[in-house]
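For reference, the structure discussed in these notes is given below.
The values are calculated or read from the model by the stated rules, or taken from the named source; none is laboratory data. Owing to the predicted nature of the structure, the values given are computational and were not obtained by experimental measurement. Cβ placement follows ideal geometry from the backbone for every residue including glycine, while neighbour counts extend to all protein chains displayed.
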Amino acid sequence: MKTLVEQVLSYGETIPDKPAVCFKDTAVSYGELRGRIRGIAVALRGMGIKRGDRVMLSAVSKPEMAALYLGIQYIGAVVVFVDKNATPENVIFLYEDTEAVLFLTDRRNQVVEEKCRTCSAKNLFQRVECDPGHGNDDAKYVMPKEEEIAEIIYTSGTTGKPKGAMLTYRAVYHIWKNTVDGTPMESNDIVLLPLPLNHSFALRVFRAALALGATVVLQNGFTFAKEIENNMERYGCTAIAIVPASVETISRQMQEQFAKIMGRFRYIEVSAGSLSVEQRKRLCRELPTVEIHNTWGSTETGGALFLNVREALTVPGREAAIGKPLDGIQIRTLAEDGTETAGDRAQPGRMALKGNMQMSGYWHRPEETAQSIRDGWLITGDMVYTDADGFVYMLGRADDIINVGGEKVSPVEVENIAGEYAGIAECACIGVPDPEKVLGFIPAMYYVVSGEGFRLEDFKEYLHTRLEKYKVPQEFIQVAELPRNSMKKVDRRSLRSLWDSHGRESLINPVVQTILTRRSIRKFTDQQIPEEILEVLIKAGYHAPSGHNMQTWKFTVVQTPETIAHIRDVMEKTARENGVYFYGFENPVCLILVSNDKRNQDGCQDASCAAENIMLAAHSYGLGSVWINALMKLRDAEPAKTMLDELHIPETHIVWSTIALGYPTAEGVLLAKNADVVEWL
């Protein structure tokens, strides 16, 4: 067994110039990483850190993370990973729970610093003497024993305080080796990793890439998919590790460029949740040359079940498999009383695993360790069954299985079927008490629609044709979006709380539905908009709020095809000549230019509110719209100036919005929304 420290140190000598870890414009080579690891080890020993001490490390997605992580292990101390956005309360809990002696972080907080010994991770990385030399006793690397604890990764579990899963050096070795054996990763790969590095999925990919001598490119999440394209251009990434929800985020942001950009990867690994059957089919269809791999894993095991999605789709009945255990990993299924079940579809059970990759237990949690590890078997919370070839199929968490009058309903099965319905963007099924008090529990579905035209009765009819009667949800609650945790998994506990507080009451009324389902539309049919509807749209515009009720705006309505084409051509020409971004529209039957007097300090806000009112009203009538704002910078630039004069736009007015309107040729794409802009105080 080789430790990860040994692997990286050896690469520092054999491939010293090869990039090991990259972030934006910074790349750290294996040679530099080797020197930094040894320098950090000397510095930590100089701070009094000893073998077995727990050192907390803020898991930032930057190159210093790799050096600090391996520098801690170099001296035999135990790494405790901390979410980079952890609250002070959580940081202090972990520090006290692990009896840590140091917290490496660059996030200053007075409350934390009063309770914990802290040190700047960035300063430590930058100031250390790189490779202090073999003559220095503090720079000597002592090979750890396989059973020594290397890392502690905290997991929230289902209830109570977070639990620290203890991983020995043996477990860490087998976790990264399983990833190497179970995925197509090779030493010449450049792996893009846009995941939080305190999570087991990100860590195992991170470790595996370094163990192979590959290159890791770090990225701070999927908030902006453009960064994926930038990293591919900068580093030539060949692989990416993502979670299922991020597939949708990336697709929405990239839109028609999705296949072109993502199709440049050699392979994509998806974990921390399973791709739905519909997602699998779509990815394989849109990315025909890319290997798609789905991995099941946990904090306690790392990756354990591996699946080549494209191959699975060629075998009837295997479409929904979550993977197959590698050699050396045993699996069995257990009944509620702990006895082994047949494990087939008729007799599923709670999945139990055994292998060298599993944790040794939970830190300072002997009772929970005893519940999770029995006779060497790690008992998971997942209900599964296997087929004759050893492939595993997920029914859901044991606590999530719905007991409907004695019949067991898998929420995953219901969600997979529902997810194939064209009008559903995402959905989640939970069990709620039967109001008739006959069946015990009944399935309830929370769903998000993908656009207008959705009819609940049609959706129900579809489910009745695909599911046994007792599996069909009896309650349907529309929501704006499903609650998710930090790894974008659906948070079923939040859904249960939502049911407890609101029951079947939907928080989505017609007005909110209109707001949440409006999309930008740039292509339209030739169907004309009735005059009475146009009048209502304009009315909605000038009924918008206006600062001090000034109402200095003007609404210019253009319906002549020749004039619309002329406006588009002039906008495009003037924007190009003046370096203004212009992404236009095709064949709208109407344009509405919303302008306002530049002498009105609230003119932009007033026009914006009016434009939004118009577009929302248009959407409520089945119309599509798009907001073009290029003209706001071109009032005095020719030939736009002459055109605006011809349209009788006052010289003192700025055109804050040009709205293109018409009946859409297809539904628009829901772009990803960044919920991190909200702070609740």
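For the stretch 134-159, which positions are modelled with pLDDT of 70 or more and β-branched (Val, Ile, Thr)? Passing the criteria: 142, 149, 152, 153, 155.
If you go through the stretch 449-464 one residue at a time, do you hit one that is outside the structural domain of residue 199 (by TED's automatic domain parsing), of a type in the set (Val, Ile, Thr) and over 30 Å from residue 583 (Cα atoms)? Before the answer, list the steps.
First pass over the stretch 449-464, keeping only residues outside the structural domain of residue 199 (by TED's automatic domain parsing): 449-464.
Filter again for of a type in the set (Val, Ile, Thr), leaving 449.
Right, trim to over 30 Å from residue 583 (Cα atoms) and you get none.
Taking every residue of the stretch 449-464 in turn, none turns out to be outside the structural domain of residue 199 (by TED's automatic domain parsing), of a type in the set (Val, Ile, Thr) and over 30 Å from residue 583 (Cα atoms).
Restricting attention to the stretch 643-671, the residues being within 45 Å of the chain's Cα centre (by Cα), closer than 30 Å to residue 552 by Cα and among the hydrophobic types (A, V, I, L, M, F, W, C) number 7. Go through the stretch 449-464 residue by residue and tally those that are over 22 Å from residue 512 (Cα atoms) and loosely packed, with under 13 Cβ neighbours inside 10 Å. Adding up the residues that qualify gives 2.
From the list 655, 669, the lone residue that is in the same structural domain as residue 544 (by TED's automatic domain parsing) and of a type in the set (A, V, I, L, M, F, W, C) is 655. Checking every residue in the stretch 494-517 against the condition of being surrounded by 17 or more Cβ atoms within 10 Å (Cβ to Cβ) and among the basic types (Lys, Arg) gives zero matches. Scanning the stretch 94-114 for residues that are surrounded by fewer than 17 Cβ atoms within 10 Å (Cβ to Cβ) and at pLDDT 95 or above yields 96, 99. For the stretch 566-588, residues that are under 15 Å from residue 627 (Cα atoms) and of a type in the set (Asp, Glu) total 2.
Note on the stretch 337-411: enclosed strands (runs of 3 or more DSSP E) holding 3 or more residues that are hydrophobic (A, V, I, L, M, F, W, C) are 349-354, 377-386, 392-397.
When you look at residue 229, is it charged (D, E, K, R), in contact with a helix residue (DSSP H, G or I) (Cβ under 9 Å, 6 or more places away or on another chain), surrounded by fewer than 24 Cβ atoms within 10 Å (Cβ to Cβ) and at pLDDT 90 or above, yes or no? Reasoning before the result, please.
Working: charged (D, E, K, R): yes; in contact with a helix residue (DSSP H, G or I) (Cβ under 9 Å, 6 or more places away or on another chain): yes; surrounded by fewer than 24 Cβ atoms within 10 Å (Cβ to Cβ): yes; at pLDDT 90 or above: yes.
Against the criterion (charged (D, E, K, R), in contact with a helix residue (DSSP H, G or I) (Cβ under 9 Å, 6 or more places away or on another chain), surrounded by fewer than 24 Cβ atoms within 10 Å (Cβ to Cβ) and at pLDDT 90 or above), residue 229 qualifies.
Among the conditions (1) more than 15 Å from residue 383 (Cα to Cα); (2) without any contact (Cβ under 8 Å) to a residue 60 or more places away in the chain; (3) surrounded by fewer than 16 Cβ atoms within 10 Å (Cβ to Cβ), the only one that residue 420 does not satisfy is (2). Hey, among the residues in the stretch 171-226 that are in a loop (DSSP other than H, G, I, E, B), over 20 Å from the mean Cα position of the chain (by Cα) and hydroxyl-bearing (Ser, Thr, Tyr), which one's surrounded by the most Cβ atoms within 10 Å (Cβ to Cβ)? Once the filter is applied, the top-ranked residue is 183. Search the stretch 379-399 for residues being surrounded by fewer than 20 Cβ atoms within 10 Å (Cβ to Cβ) and of a type in the set (A, V, I, L, M, F, W, C), and hand back the single one that is farthest from the chain's Cα centre (by Cα). Restricting to residues being surrounded by fewer than 20 Cβ atoms within 10 Å (Cβ to Cβ) and of a type in the set (A, V, I, L, M, F, W, C), the top hit is 388.
Taking the criterion of being part of a strand (DSSP E or B) and among the β-branched types (Val, Ile, Thr), the only residue of the stretch 102-123 that qualifies is 118. Using the structure shown, decide if residue 42 is aliphatic (A, V, I, L, M), in contact with a Lys or Arg (Cβ under 8 Å, 6 or more places away or on another chain), at pLDDT below 95 and not in a strand (DSSP E or B). So residue 42 fails the test.
To keep it simple, each residue is scored yes or no on (1) buried (at least 17 other Cβ atoms within 10 Å of the Cβ); (2) at positive phi; (3) outside any loop (DSSP other than H, G, I, E, B); (4) of a type in the set (Gly, Ala, Ser).
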residue: 595; (1), (2), (3), (4): yes, no, yes, yes
residue: 609; (1), (2), (3), (4): yes, no, yes, no
residue: 612; (1), (2), (3), (4): yes, no, yes, no
residue: 615; (1), (2), (3), (4): yes, no, yes, no
residue: 648; (1), (2), (3), (4): no, yes, no, no
residue: 657; (1), (2), (3), (4): yes, no, yes, yes
residue: 660; (1), (2), (3), (4): yes, no, yes, yes
residue: 669; (1), (2), (3), (4): yes, no, no, no
residue: 679; (1), (2), (3), (4): no, no, no, no
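Mind counting the residues in the stretch 473-509 that are of a type in the set (Lys, Arg) and either assigned to a loop (DSSP other than H, G, I, E, B) or at positive phi (or both)?
Qualifying residue count, the stretch 473-509: 3.
Condition check: crowded, with 16+ Cβ neighbours inside 10 Å, of a type in the set (Asp, Glu) and either assigned by TED's automatic domain parsing to the domain that holds residue 555 or modelled with pLDDT of 95 or more (or both). Does residue 636 satisfy that? It is false that residue 636 is crowded, with 16+ Cβ neighbours inside 10 Å, of a type in the set (Asp, Glu) and either assigned by TED's automatic domain parsing to the domain that holds residue 555 or modelled with pLDDT of 95 or more (or both).
You will find that of 9, 57, the residue that is within 26 Å of residue 201 (Cβ to Cβ) and within 31 Å of the chain's Cα centre (by Cα) is 57 and no other.
Looking at the stretch 1-51, which of its residues are β-branched (Val, Ile, Thr) and surrounded by 15 or more Cβ atoms within 10 Å (Cβ to Cβ)?
3, 5, 8, 15, 21, 28, 37, 40, 42, 49
Would you mind stating whether residue 94 is within 26 Å of residue 19 (Cα to Cα) and either not acidic (Asp, Glu) or not in a loop (DSSP other than H, G, I, E, B) (or both)? No; evaluated as a whole, the condition is false for this residue.
Against the definition (within 22 Å of the chain's Cα centre (by Cα) and under 25 Å from residue 415 (Cβ atoms)), how does residue 315 come out, yes or no? Criteria not met by residue 315.
Test residue 446 against the stated conditions and say whether it is among the aromatic types (Phe, Trp, Tyr), within 25 Å of residue 515 (Cβ to Cβ) and part of a loop (DSSP other than H, G, I, E, B). No, not satisfied. Within the stretch 258-283, restricting attention to residues that are modelled with pLDDT under 90 and not hydrophobic (A, V, I, L, M, F, W, C), the residue that is farthest from residue 310 (Cα to Cα) is 273. The set of residues in the stretch 520-555 that are of a type in the set (Val, Ile, Thr) and under 19 Å from residue 599 (Cβ atoms) contains only 552.
Residues checked against (1) closer than 30 Å to residue 475 by Cβ; (2) modelled with pLDDT of 90 or more; (3) among the acidic types (Asp, Glu):
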{"residue": "336", "(1), (2), (3)": "yes, no, yes"}
{"residue": "348", "(1), (2), (3)": "yes, yes, no"}
{"residue": "351", "(1), (2), (3)": "yes, yes, no"}
{"residue": "360", "(1), (2), (3)": "no, yes, no"}
{"residue": "365", "(1), (2), (3)": "no, yes, no"}
{"residue": "370", "(1), (2), (3)": "no, yes, no"}
{"residue": "374", "(1), (2), (3)": "no, yes, no"}
{"residue": "379", "(1), (2), (3)": "no, yes, no"}
